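Report on the following structure.
The values are calculated or read from the model by the stated rules, or taken from the named source; none is laboratory data. Just so it is clear, the model here is predicted, and its values are computed rather than measured. A quick note on method: Cβ atoms are made from the backbone with ideal geometry, for glycine too, and the neighbour counts reach across all protein chains shown.
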Amino acid sequence: MGTTRMIKKFIPCVLLIGFTVFLASCSTQLRSVYLGNEVTPKVIPEKDFVPVKITVSVGDIMLTAGDNLKEPSGLQLESFHIKKNTITTVQHKMKTFEFSLPSGDYRLRNRSSEGSYYSAPSSLSGLSGTKKGYGGLFIPTGSTKATEFFWSWYPNSSKVYQAKLISPIIGENGESIAYLKTEKTSGIHITLTYVGVAGGQIKFVYKEFTEEWLARAAFTQEVSLDYKAGGIYAYKNAKFSVEKADSTHISFTLLEPF
């Protein structure tokens, strides 16, 4: 009878322990959420090119592609800057996800009634067997600290996982600008060099270089145009008016850059 009582007492304990382990295996520290309303960035308009007066000597480069370009238009958003990488973990059932959150500017992406979502400047590196994720930081309304982070296994997803950080992250609020156009030309460098005036013609040398600044003869061209003081000249995309040109110098106003 004593053995039977012990068995009857022991079985509920085993069941309780098993049930506790089962609940633990089903528990999670993350939740699945939909991001709030997307934040529309402020558009920074392109600034018009302002003509500039330039004087160079014979044999000097007058124009180089990429110089004197208009300032490109851009998108401006609030940002949250963190100075160093932060490692955080989250438990989900029997798994532990571990991420390295990169340093840099986290740009405001979405807002909800609970707070703001800031996208990381790059993907979230996965550690200890966790694959990389795409997400950022969450700052509650009225707070200056990031208390949670969010991620998806796919970029630009509107449904994400969200979990508390191991400890809040203190950052610096500011603004981030993403330019819509690049100022760099497509892999080559272009120059226009002043050669001088002779026989009533103004002379230039147009050259294209490789990205490593190596000249190629096939992309070197001598240009001769009828000279007239105050005349407007156009070559390729560039346009300029020449105030004075002689055997030593040229003074001109750049109207449109390369």
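Could you tell me which residue of the stretch 45-55 is farthest from Arg107 (Cα to Cα), considering only residues that are outside any loop (DSSP other than H, G, I, E, B) and touching a Leu at 6+ places or on another chain (Cβ under 7 Å)? Don't jump to the end; show me each part of the working.
Taking the stretch 45-55 and keeping what is outside any loop (DSSP other than H, G, I, E, B), we get 52-55.
Right, trim to touching a Leu at 6+ places or on another chain (Cβ under 7 Å) and you get 52, 54.
Numbers: Val52: 36, Ile54: 40 Å.
Restricting to residues being outside any loop (DSSP other than H, G, I, E, B) and touching a Leu at 6+ places or on another chain (Cβ under 7 Å), the top hit is Ile54.
Would you please list the contacts, defined by Cβ atoms under 8 Å and residues six or more apart or on different chains, that run from a residue in the stretch 140-155 that is surrounded by 12 or more Cβ atoms within 10 Å (Cβ to Cβ) to a residue that is polar (S, T, N, Q)?
Hits for this filter: Pro140/Thr147; Thr144/Asn173; Glu148/Gln162; Phe149/Thr88; Phe149/Gln162; Phe150/Gln162.
Conditions tested, residue by residue: (1) surrounded by 11 or more Cβ atoms within 10 Å (Cβ to Cβ); (2) hydroxyl-bearing (Ser, Thr, Tyr); (3) at pLDDT 90 or above.
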residue: Thr3; (1), (2), (3): no, yes, no
residue: Val14; (1), (2), (3): no, no, no
residue: Val33; (1), (2), (3): yes, no, yes
residue: Ala65; (1), (2), (3): yes, no, no
residue: Gly74; (1), (2), (3): yes, no, no
residue: Asn85; (1), (2), (3): yes, no, yes
residue: Gln91; (1), (2), (3): yes, no, yes
residue: Leu101; (1), (2), (3): yes, no, yes
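Output the qualifying pairs, or none if there are none: Cβ atoms under 9 angstrom, residues six or more apart or on different chains, first residue in the stretch 27-38 and outside any strand (DSSP E or B), second residue modelled with pLDDT under 90 and of a type in the set (Asp, Glu).
none
Please count how many residues of the stretch 156-173 are surrounded by 14 or more Cβ atoms within 10 Å (Cβ to Cβ) and outside any strand (DSSP E or B).
Total meeting the criteria: 2.
For the stretch 108-122: of the residues being part of a loop (DSSP other than H, G, I, E, B) and in contact (Cβ under 8 Å) with a residue 24 or more places away in the chain, which is farthest from Phe149 (Cα to Cα)? Lay out the reasoning, then the answer.
The initial filter retains those residues of the stretch 108-122 that are part of a loop (DSSP other than H, G, I, E, B), namely 112-114, 120-122.
Remaining after also requiring in contact (Cβ under 8 Å) with a residue 24 or more places away in the chain: 112-114.
On the way: Ser112: 14, Ser113: 16, Glu114: 14 Å.
In this case the residue turns out to be Ser113.
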